[in-house]
Structures are given as structure tokens and as C-alpha cells.
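The values are calculated or read from the model by the stated rules, or taken from the named source; none is laboratory data. Source: prediction; values computed, not measured. Methodologically, a virtual Cβ is constructed for each residue, glycine included, from the backbone with ideal geometry; neighbour enumeration extends over all protein chains shown.
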Amino acid sequence: MPRLLLVIPFLLVFGGVAVGGHWYLARRLVSEAGLPPALESGLLVAIVVAAATLVLQPIGERLLRPPWSRLIAWPASVWMGLFFYLFLLVAFSDLLMLLGGVVTPKELHAATAEVPEPGFALERARAAGVLVVALAFVAAGMRVARRGPVLERVEVTLDRWPEALDGFRIAQISDIHIGPILGRRFSRELADRVNALAPDLVAVTGDLVDGSVSKLRDEVAPFADLRGRCGVYFVTGNHDHYSGAQGWSSRVEELGFVVLRNRRVTIEAGGASFELAGVDDHRSGYETFGGEDLDAALAGLPPGRPVVLLAHDPTTFKKACAMGVDLQLSGHTHGGQIWPFGWFVRIAVPFVAGLYRRGGAQLYVSRGTGFWGPPMRLFAPAEITEIRIRSPRRGTPEETP
């Protein structure tokens, strides 16, 4: 029941925005452009059908298994991205026309009963320009997404990191989102690419899936081959909780992952050690295990021992940086995923992508390894991150554990 109470307001808001947005797009891009009646009717029907796919997608995901569910997911996801750009460009062009004092066909209609052809010509030109630019953005974003994640190599120096562990390498993957679009083939390719790095440790920082264990059990099976010298570790993300975090925690344990749910383990290598802590995503509070508990994960820390924290949401860093954490690894933001969405992300999350420092603590935010929603990446490519941790007391840069 608590979960339902959280979902209903979201659905109402999402539904209102979606209906209003599609109405605005149909009116400004089609109805007011003075198109031939047959073309206008066809475009309006196409917008209605495309909008319907957004409603059918979550239903299809619940009723159908991959690959059949993707017959609905693909058109819905592509339309989601195209709608975003169409809406943004129409709104931006409307703003420019307003600021420029351009008279619209609607205003001309109010003054005369005759067809204002010059005004309609301007609207048609605007509509054509918006469509061309939006399609170009979508094509570019899909091309980047199809190329898959890039390898991002990051080096951080931690003040308390022991010299014996200098050069310790963590392979981080995050926000993979196996489910509506990405499936077993992507899991296989990702596992192979991570293993090719021969990391000391693999960190999976949440949002592994979008969908239930019963639907996606086989889609994630290749992750059983993931290998790290010191193990593979997992923390939940918000989408894992939407998909049933309890069941997914059990499933990834079957795959050989160590699940860190508000707890920590000691990692020993090269004659030295550090603490690896992990917390549940704070959006999991409606489930029975209670959500993020950073205090429990960090309770009783051995004095002076460095701590690496895995937390899906980077906003956890605001508290973690004052609690003895040396390095936090997060995801969640996707780096914005499609430009200019990253600007909107910054309103809610000050840590969007890359490396941040507060005092002696550092945070790395992955842009994510897969994608959610539109199968697109624009100016925010997906990544596999290899994080090399250096000690300030190291001898030569080439030394490794």
C-alpha cells in the first residue's frame, strides 16, 4: 500500500504533463501550420498513436517477456526522445517569436476571416525546421548509444591510501538498465569488456535492471562471468527498487556478486586493507528494509583505515564526506544522457558527472553504462570506468599492488 501511494501521484503528474505536452505539440506544430486537411489529420493521428505507445510500454513490460516486449519498447522509447526534442524546440521557437514580436497565424485569424498565408508560411517553415533539427538530434543520439560505452580512465589520489595498495584498480559500471531495450547480448559484451581490464575489484553502483526477476533472469545471466581479483560488489539503485530489490539482491548473489546493503566489508590486498561500504538507494524507504542507512554502513570504522563507499545517488556525498569516507562511487544522473537534459539534472543534483572533492573526500559520478528511456546518448556517452587509486606516498608511478 505505501508503494501504491507513492506511485499514484507520480502517474497523475506524468499523465498530466504527457497529455498537455502532446496537445501543445499537436496544436503548435500541426494545427496552426495551415497544412492540407489530409496531411494535418494524418499527423495528428500519428501523434496520438505515438503518445499511446508511452502508455502501452509499461503494460507490455509487465505482460510480455523479452524479446516480445521490445516490439512495444522500441517505438515508445524512440518517440520519447523525439518528443523531448520536438517539445523543446517548439517551445524555444515560440519564445523567440514572442520576444521578436512575430505575429502568429492564431493572432491573424482573430483579426480577419481570410486565410493569412504569409503567417502560415512562417509556421510551416518553423515546423519543418523543428522537425529536421529534432530528427538530427535523435539520429546523433542513437548513433552514440549504439556504439556502446566508452572506457573512461580516472586516477584519484587519496590522502590515507596505503602505499602497498598504490595503483589499485576498480572497474565501475552503473545504470545499466537491462530490460526494455538492452538485454542478454549487452550483458555479455559488458562482462567481456570489464573482464578484459583485469580489475582488482568490480563495483556495480545500481540500476542494474528495469523489470522483474521473473522476466529478466536470463537477460542478466552473463554477469555471472564478471571477475575482479577482490570480488564483484553491488549496491541497489532506485530502478532496482522499482523492480523489486529483494528479489534482485538474491538474483545477483546467485551470479556471484556481494551485495552491500547498508554494510561494509574489509578488502585486503598487497599486505594492506581498506573498507568497502555500500548503501541502499534512499528511494527504497517504502520497502520493508528501510532504505539508505549510512550510519549503519560506517559504524565502528577502524581508526585511520581508508573507506570507499558505493552509493547509487551522488547526493549521499553531502553527508558521507563528513563521515570519514575517502572516495564515493555513484551513478544515477546518466550525465544528463541527452543534451541539454543535463542542465535540468543540475537543478536537483549538484554532482552530474566526473570527479568532485569536498575537503579530503572525493566523489566520482559515472555517466552510466547503459541508458534509460530514449535509446540515445548526446554529449554524454555511456562509460565503463577504470578508477586507479594512488597513494601520496607511492614510490614510482609504475608501481602496482
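Brief remarks follow.
- Members of segment 46-97 that are modelled with pLDDT under 95, part of a helix (DSSP H, G or I) and not hydrophobic (A, V, I, L, M, F, W, C): 53, 57, 58, 60, 61, 62, 70, 93, 94
- Some residue of segment 34-44 being closer than 26 Å to residue 142 by Cβ and either at pLDDT below 90 or touching a Phe, Trp or Tyr at 6+ places or on another chain (Cβ under 9 Å) (or both): no
- Restricted to helices (runs of 4 or more DSSP H) entirely inside segment 290-366, those with at least 3 residues that are at pLDDT below 95 are 341-348.
- Taking segment 230-248 as the range and being of a type in the set (Gly, Ala, Ser) and under 19 Å from residue 310 (Cβ atoms) as the test, the residues that pass are 231, 237, 243, 245.
- The numbered conditions (1) more than 30 Å from residue 306 (Cα to Cα); (2) outside the structural domain of residue 66 (by TED's automatic domain parsing); (3) modelled with pLDDT of 95 or more; (4) out of contact with any strand residue (DSSP E or B) (no Cβ under 8 Å at 6 or more places or on another chain) are all true for residue 186 except (4).
- Evaluation of residue 348 against (1) in contact (Cβ under 8 Å) with a residue 24 or more places away in the chain; (2) among the small types (Gly, Ala, Ser); (3) out of contact with any strand residue (DSSP E or B) (no Cβ under 6 Å at 6 or more places or on another chain); (4) within 21 Å of residue 283 (Cα to Cα) (one fails), failing number: (1)
- Residue 322 being in the same structural domain as residue 273 (by TED's automatic domain parsing) and out of contact with any helix residue (DSSP H, G or I) (no Cβ under 9 Å at 6 or more places or on another chain): yes
- Test: residue in segment 352-363 that is of a type in the set (Lys, Arg), assigned by TED's automatic domain parsing to the domain that holds residue 300 and surrounded by 21 or more Cβ atoms within 10 Å (Cβ to Cβ): no
- For the residues 297, 322, the requirement of being of a type in the set (A, V, I, L, M, F, W, C) and loosely packed, with under 15 Cβ neighbours inside 10 Å singles out 322.
- Taking every residue in segment 51-67 that is in contact (Cβ under 8 Å) with a residue 24 or more places away in the chain and pairing it with any residue that is β-branched (Val, Ile, Thr), at least 6 positions away or on another chain, the pairs with Cβ-Cβ distances below 7 Å are 53/72; 57/72.
- Scanning segment 221-247 for residues that are of a type outside the set (Gly, Ala, Ser) and touching a His at 6+ places or on another chain (Cβ under 9 Å) turns up 235, 236, 238, 239, 240.
- Criterion: farther than 25 Å from residue 80 by Cα and either in contact with a helix residue (DSSP H, G or I) (Cβ under 9 Å, 6 or more places away or on another chain) or among the hydrophobic types (A, V, I, L, M, F, W, C) (or both) - qualifying residue of 140, 145, 121, 134: 121
- The set of residues from segment 325-338 being surrounded by fewer than 24 Cβ atoms within 10 Å (Cβ to Cβ) and free of Cβ contacts under 8 Å to residues at least 60 places away in the same chain comprises just one member, 336.
- Only residues that are charged (D, E, K, R), within 17 Å of residue 331 (Cα to Cα) and surrounded by fewer than 21 Cβ atoms within 10 Å (Cβ to Cβ) were counted across segment 215-260, and they come to 0.
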